[in-house]
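Undergrad: Pasting in a structure now, in structure tokens, and then I'll have a few things to ask.
The values are calculated or read from the model by the stated rules, or taken from the named source; none is laboratory data. None of these values were measured; they are calculated from a predicted model. With ideal geometry, Cβ positions are generated from the backbone for all residues, glycine too; neighbour counts draw on all protein chains shown.
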Amino acid sequence: MLPAFSERLLTWFDEHGRHDLPWQQERSAYRVWVSEIMLQQTQVSTAVPYFEAFVVRFPTLQTLAAAPLDEVLHSWSGLGYYARARNLHRAAKLLVDTHGGEFPVDLQALTALPGIGRSTAGAILALSLGQRAPILDGNVKRVLARHRCIDGLPTLPATARALWQVAEEFTPTTRVADYTQAMMDLGATLCGRTQPACSRCPVQTDCLAAARGAQLSYPARKPRKTLPRRTTCMLLLARVDHADLLLERRAASGIWGGLWAFPEVSEAAAAAVWCANHDLAPCGVVQSLPEITHTFTHFQLKITPLLLWVTELGTRCMDSDRLLWYNAAAPAAVGLPQPVQDLVRSISLKAKEFS
């Protein structure tokens with residue numbers, strides 16, 4: 001008789017699983033939570049250095065809750081999907097204010113927190129407390145959809161119910177933390193999206209997709225669509241006497257919510273109006289720099305950077321809590337979107353040549 005799914009998986013995990021990830025060391029609900037949020041839409045290799053830096057800066061739930069949002073976003077800069085960082089900060093405050101600085105030990109209470117869904121809550125409970133709580137992240141969905149040939153997009157309610165049912169069925173009552181990690185490891189290493197290594201898979205013997213040679217058909221994927229394109233002009237205002245750049249805090253919600261970015265205008269001709277409204281005097285003419293394209297999940301953004309040297313005429317600019325003179329040589333601890341980081345680096349060199 002074939003050993004149980006979990007038994008075969010755990011035997012494989014003991015020899016081939018990942019045991020030295022940073023969040024597996026000094027394991028706690030807090031460290032598991034931070035890692036799980038970072039790993040949403042992000043590969044392990046990308047998340048590791050961010051996690052290590054993050055827990056040095058915010059070693060405990062209390063330090064994260066007490067930190068200004070700008071510092072949290074600064075630590076997240078470049079990782080993308082910034083709503084994750086905002087929700088992390090909100091949830092930390094709620095945990096301190098309403099849960100006594102402790103993580104709830106039941107699924108329902110965890111999923112009531114910002115940014116924590118059923119799978120993330122299950123991972124926190126299973127990995128930090130050893131509670132029997134199934135998970136269903138992207139890697140696990142792929143493993144289960146293939147093993148049982150579960151049709152339909154994983155985002156559809158009927159498909160999700162079927163996947164959760166199998167996840168519940170396979171999750172053992174012992175070694176739950178190891179099993180949970182093993183499921184994630186299997187999907188990340190052997191049961192990859194495009195090149196599954198079925199010959200080395202511990203559960204391929206009864207995998208229906210492998211038996212049918214249909215591994216790449218599961219899970220079902222949405223047809224690829226051409227991403228719509230949007231355009232904007234970013235106004236790179238460089239202060240002559242200090243060679244720094246003016247940043248504007250974006251609204252709390254939406255793309256890059258709460259981050260600091262360059263002011264946006266419709267065209268180069270609008271730069272003078274923006275400057276006049278903020279007590280700035282242009283020095284010279286607007287220079288159009290090479291366009292850059294940044295790809296989001298649902299659209300591509302074509303950015304035209306417009307460089308303009310300015311001097312301050314009054315205090316309206318500096319008095320605003322939405323505006324900040326940013327010096328790349330001594331950067332403020334604020335969150336910057338990746339395109340803004342790239343532009344700051346390139347413009348700082350030009351500033352040195354100009355000054």
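Undergrad: Please report, ordered by residue number, the strands (runs of 3 or more DSSP E) entirely within segment 265-347 with at least 3 residues that are aliphatic (A, V, I, L, M) and within 31 Å of the chain's Cα centre (by Cα). Before you say what the answer is, go through the steps one by one.
TA: On the way: elements: 280-288, 292-295, 300-312, 323-326.
The qualifying strands (runs of 3 or more DSSP E) are 300-312.
Undergrad: Let me ask something else about it. Within segment 232-254, how many residues are surrounded by fewer than 17 Cβ atoms within 10 Å (Cβ to Cβ) and aliphatic (A, V, I, L, M)?
TA: 3
Undergrad: Which is of a type in the set (Lys, Arg) and in contact (Cβ under 8 Å) with a residue 12 or more places away in the chain, of Arg224, Arg229? Don't jump to the end; show me each part of the working.
TA: Working: Arg224 fails: in contact (Cβ under 8 Å) with a residue 12 or more places away in the chain.
Within the list Arg224, Arg229, the selection yields Arg229.
Undergrad: Sticking with this structure for a sec: Name the single residue that is farthest from Leu2 (Cα to Cα) among those in segment 197-225 being among the charged types (D, E, K, R) and touching a Leu at 6+ places or on another chain (Cβ under 8 Å). Steps first, please.
TA: Start the filter on segment 197-225 by keeping residues that are among the charged types (D, E, K, R), which leaves 200, 206, 212, 221-222, 224-225.
Narrowing the set further to residues that are touching a Leu at 6+ places or on another chain (Cβ under 8 Å) leaves 200, 206, 221-222.
Details: Arg200: 17, Asp206: 9, Arg221: 31, Lys222: 35 Å.
Here the residue is Lys222.
Undergrad: Continuing with the same structure: Could you give every pair whose Cβ atoms fall below 6 Å, whose first residue belongs to segment 20-34 and is not assigned by TED's automatic domain parsing to the domain that holds Ala92, and whose second residue is buried (at least 23 other Cβ atoms within 10 Å of the Cβ) and of a type in the set (Asp, Glu), counting only separations of at least 6 or pairs across chains?
TA: none
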